[in-house]
Amino acid sequence: MRKKLIAANWKMYKAPEQTTAFFNEFLPMVADHTRDEIVVCPPFVDLHAAVEAAAGSNVAIGAQNVHWEKEGAFTGEISVGMLSAVGVTHVIIGHSERRQYFNETDDTVNHKLKTALENGFTPIVCIGEVLEEREAGLTEDVLRRQCTRAFHGISARKAAKLTIAYEPVWAIGTGKTATCEMCTDAHLVIRHEAEKAFGKGFSEELRILYGGSVKPDNASSLLSEEEIDGALVGGASLEPASFTRIVKY
């Protein structure tokens, strides 16, 4: 049975002192929670505070982005070496907001994924369709393309830590949530693509999360689905009590 992963994506919220305050409140609430893996992904400036606050706990810290080069003249970017030095273990790759606002492509996702895997990180690779694509009946085509391009040139051995997050773009921050049937259908497409790329054994172990307006009041119904292996949580992860309710669904 796949162990679920509940990940918080704080996006562009909270300063270091707010991060410390969050963990001071959140960690005691989940201290005895071992059923699921818990990850919090704050902004870059908060990573040091988050790693310090979470040290010795059952909560891991992830970054929201990473560059594929080891170092260089890439103003504003962060390397795997920098993240590793801080104590980060997970990284979100290809979030729809990165694709929409910062021109990330399936190819840059592939570059970042290769680098993250080669350096021992657990990558959470985001894929999903926009509203126009779903309404046009193109969801499966989009998911297949994004998976094929993301997985290109990666072996099953190197992909061992890979995690996928299915996030229908039309459900992010809108209050809309994909139905459990929609999620299951999408996750089965993704799992099939993983089987083609890495083999059946790998695909059966691959964790596929759902991301798209996950909240305390819908977490239980979503996470009780066999094909949903966890959640990538946005706004509802910013408050300790709210995120705890999702973790303890």
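The values are calculated or read from the model by the stated rules, or taken from the named source; none is laboratory data. Here the structure is a predicted model, which means the values were calculated and not measured. A quick note on method: Cβ atoms are made from the backbone with ideal geometry, for glycine too, and the neighbour counts reach across all protein chains shown.
Inside the range 115-133, can you point out the residues that are surrounded by fewer than 19 Cβ atoms within 10 Å (Cβ to Cβ) and not β-branched (V, I, T)?
Once the filter is applied, which keeps residues that are surrounded by fewer than 19 Cβ atoms within 10 Å (Cβ to Cβ) and not β-branched (V, I, T), the range 115-133 yields E118, N119, G120, L131, E132, E133.
Hey, can you tell me all the residues within the range 182-196 that are surrounded by fewer than 21 Cβ atoms within 10 Å (Cβ to Cβ), of a type outside the set (D, E) and touching a helix residue (DSSP H, G or I) at 6+ places or on another chain (Cβ under 6 Å)?
V189, R191
For the range 28-55, name all the residues that are under 20 Å from the mean Cα position of the chain (by Cα) and among the aliphatic types (A, V, I, L, M).
Of everything in the range 28-55, those that are under 20 Å from the mean Cα position of the chain (by Cα) and among the aliphatic types (A, V, I, L, M) turn out to be V30, I38, V39, V40, V45, L47, A50, V51, A54.
What number goes with the only condition from (1) touching a His at 6+ places or on another chain (Cβ under 9 Å); (2) on the phi > 0 side of the Ramachandran plot that F121 does not pass?
Of (1) touching a His at 6+ places or on another chain (Cβ under 9 Å); (2) on the phi > 0 side of the Ramachandran plot, only one is false for F121: (2).
Go over the candidates A197, A231 one by one and state the one that is among the small types (G, A, S), assigned to a helix (DSSP H, G or I) and at pLDDT 95 or above.
A197
Scan the range 13-72 for residues that are in a helix (DSSP H, G or I) and of a type in the set (V, I, T) and jot them down.
Passing the criteria: T19, T20, V30, V45, V51.
Given the options A85, A159, A165, A116, name the one that is modelled with pLDDT of 95 or more, under 17 Å from the mean Cα position of the chain (by Cα) and either assigned to a helix (DSSP H, G or I) or of a type in the set (F, W, Y) (or both).
Just a single option satisfies the conditions, and that option is A116.
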